[in-house]
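For reference, the structure is listed below as structure tokens.
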Amino acid sequence: MASRLWATRTASYLRVSLISRNFATVVKDLKYADSHEWVKIVGNSATIGITDHAQDHLGDVVYVELPEAGTEVKKGENFGAVESVKATSDIYTPVSGKVTDVNTKLSDSPSLVNSSPFEDGWMIKVEVKDAKEVDSLMDADRYSKFCDDEDNKH
Amino acid sequence: MRLPLMNLFKLNRMPILRQLHLEEMLMRTSSENWCIINDGTINPTIVMGISGKPQELLETESVLRDEIPVIRRMSGGGTVIVDQDTIFVTFICNKDTIPGLKPDPQRIIQWTGHLYETVFNGIGNFSVCENDYLLGERKFGGNALSITSKRWLQHTSFLWDYKKSNMSYLKLPQKAPNYRQGRSHLDFICRMKDYISRSGFIDETIRAAGSHFQLTPLHQKDGFLNQQYEHLRSRLLTIDELEEAAVYTPAVATRV
């Protein structure tokens with residue numbers, strides 16, 4: 001109970017939404033793909049990672065395979081993979097562009113994807129070609145519902 | 001209710017790298033379901049998971065001396081050494097193919113576990129433990145899963161038989177399943193041939209798959225084998241990579 005109260009207050013401070021089941025978090029100012037990646041756009045730079053829902057379903061992440069800086073990526077296409085103790089899962093870019101930065105910390109600390117999926121666990125930064133590509137992505141509320149619907153499907 | 005369709009592809013001694021490339025291509029470019037059974041591979045080959053580091057997993061000097069090929073595959077999981085006495089079974093499915101199956105790694109492994117339970121049908125006390133298939137307390141089948149947005153692939157290497165000398169190329173892994181309990185490789189694995197005939201295992205696996213899917217047999221000569229696909233993740237490690245790993249191998253190795 002105390003941990004739940006702490007979580008609620010922390011969520012309020014960080015401006016995140018808490019889904020009461022499993023404490024999965026959704027950050028309000030981000031956009032989301034139906035393959036469970038998030039993207040944060042600042043100017044023409046996009047930062048991309050996987051969501052808390054995704055890391056929760058993956059389990060402990062032991063390895064992250066990422067492209068090199070300079071690689072061209074295309075919206076909806078696979079740009080890397082995450083290995084967890086259960087499986088290897090492809091990760092997809094929500095936007096097109098050129099990779100400008102790669103989170104090298106994930107090489108030594110892949111668990112950052114689990115512990116901090118929206119911050120320290122970011123994966124790549126992309127110089128976006130067409131900012132309008134994010135229009136087709138989900139906002140936080142839609143993504144929350146999408147996750148609920150997906151989990152209830154089976 | 002009509003069973004979902006699945007192509008059944010029986011191979012005989014296809015080189016494991018070619019099999020892995022075929023699987024990756026089918027996973028990424030096909031929208032059909034596949035069951036691939038490869039009855040052995042030609043030469044002894046070491047296959048590591050996607051994050052495998054030879055300096056941690058292999059006796060690299062012996063591997064280089066004996067010119068054993070080393071592959072890093074697209075899926076995760078552990079390291080195996082395979083040869084003509086390994087039987088490979090792979091399922092590639094669309095996520096919504098199997099009614100009621102959530103495409104979650106744990107549930108996929110459980111589902112395939114039920115399938116193989118019927119194959120063994122009480123022989124050898126078959127069970128699934130931490131992603132491995134066991135007969136009694138010993139592993140005879142290792143699994144690896146790869147998941148994309150719409151499909152999943154599960155491939156298994158079954159130890160029909162093995163040579164003790166081949167196991168000496170592998171180190172005791174730092175990350176091992178709990179049930180292994182520090183056992184050496186030879187105390188941890190068992191031979192499937194001690195429990196079931198080779199043809200019996202393959203026939204019963206096909207029969208078990210046929211109870212879940214409407215199987216369409218394909219042949220090795222069919223044209224799609226010649227399709228080319230770029231960006232394949234599974235690859236052979238170079239001599240330079242293995243030599244570099246040998247340099248970094250600790251002086252005191254932990255043999256399996």
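Some points to look at:
- Looking at the range B:115-189, the trypsin sites (Lys or Arg not before Pro) that sit in a DSSP loop and have at most 15 other Cβ atoms within 10 Å of their own Cβ are B:K150, B:K163, B:K175.
- Within the straight-line cut-off of under 20 Å between alpha carbons, the lysines reachable from A:K28 are A:K40, A:K125, A:K132, A:K145, sequence neighbours fewer than 8 places apart in one chain being disregarded.
- Distance violations [Cα-Cα > 27 Å] among A:K31/A:K153; A:K31/B:K102; B:K95/B:K163; A:K31/A:K98: B:K95/B:K163
- Evaluated over chain B, the Cα radius of gyration and Dmax, each in Å: 17.9, 61
- Chain B: relative contact order as a whole-number percent, Cα under 8 Å and 6+ apart: 28 percent
- Shielding score for B:145-154, defined as the mean number of other chain Cβ atoms within 10 Å: 5
- Karplus 3J(HN,Hα) series, Hz, for the range B:34-41 with 6.51 cos²θ - 1.76 cosθ + 1.60 (x for Gly, Pro): 9, 10, 10, 10, 10, 7, x, 10
- Pairing chain A with chain B buries about 1500 Å² of accessible area. This figure sums both sides and uses a 1.4 Å probe.
- Cα gyration tensor, the range B:69-158 - rounded (a/c under 1.5), prolate or oblate: oblate
- Whole-percent carbon and sulfur share, accessible surface of the protein assembly as shown, 1.4 Å: 49 percent
- Viscosity 0.692 mPa s, temperature 37 °C, Stokes-Einstein D of the protein assembly as shown from Kirkwood C-alpha radius, µm²/s: 144 µm²/s
- In the range A:40-147 the Cα-Cα distances spread across 5 Å bins starting at 0 as 2, 13, 24, 25, 21, 13, 3, 0 percent of all pairs.
- Under 12 Å, Cβ to Cβ, from A:K105 - net charge with Lys/Arg +1 and Asp/Glu -1: -4
- Of the GluC sites (Glu not before Pro) found in the range B:1-54, those in coil by DSSP whose Cβ has at most 15 other Cβ atoms within 10 Å are B:E32.
The values are calculated or read from the model by the stated rules, or taken from the named source; none is laboratory data. Given the structure is predicted, the values throughout are model-derived calculations rather than measurements. So basically every Cβ, Gly included, is an ideal-geometry build from the backbone, and we count neighbours across all protein chains shown. Calculation scope for accessible area: heavy atoms of the full protein, side chains included, ligands and nucleic acids excluded. Shrake-Rupley method; radii C 1.70, N 1.55, O 1.52, S 1.80 Å.
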